[in-house]
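What follows is a single structure, written as structure tokens, with notes after it.
Quick note: the coordinates plus some simple rules give every number you see, no bench work behind them. Quick caveat, the model's predicted, so the values are computed rather than measured. Heads up, the Cβs are rebuilt from the backbone with ideal geometry, glycines too, and the neighbour counts pull from every protein chain shown.
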């Protein structure tokens, strides 16, 4: 396994972990109509990230890979909005979601860097530091 493939596998593992954390978070949401609505939405967007990244890694062309990375980014962006709404509407205390919000934003930066790389390939992620 080369370094790029290893980084891609590491990112996929992070996205799977993120999806698991989203599922754990949804169990703590209240069963009010508002809580159930957000639960369904964030479960869909937050878990789709890992599956779509896997699809990007197996894409048939460079353009297909970039397109699928765009879907991953859209799902991450939607997820962070639901997380902010959970906080703003006091469905969960901010302290309970601060780490997952930070991970969501870091994953967004990594995916953006991966999309911008002229060498992006389904099995490669950017080696740039996401905090640059």
Shape call for the range 13-118, from the Cα gyration tensor axes a ≥ b ≥ c (a/c under 1.5 means rounded, otherwise prolate when a/b beats b/c, else oblate), comes out prolate
Test of understanding: what is the full-extension gain from residue 105 to residue 10, defined as 0.36 nm times their sequence separation minus their Cα-Cα distance?
32.5 nm
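Within 10 Å of each residue's Cβ, count the other Cβ atoms and sort 31, 26 from fewest upward. Before the final figure, lay out the partial values.
Working: 31 8, 26 20.
Ordered by Cβ neighbours within 10 Å, fewest first: 31, 26.
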To make sure I understand, if each residue's beta carbon is the centre and we count other beta carbons within 10 Å, what order do 25, 63, 113 fall in, fewest to most?
63, 113, 25
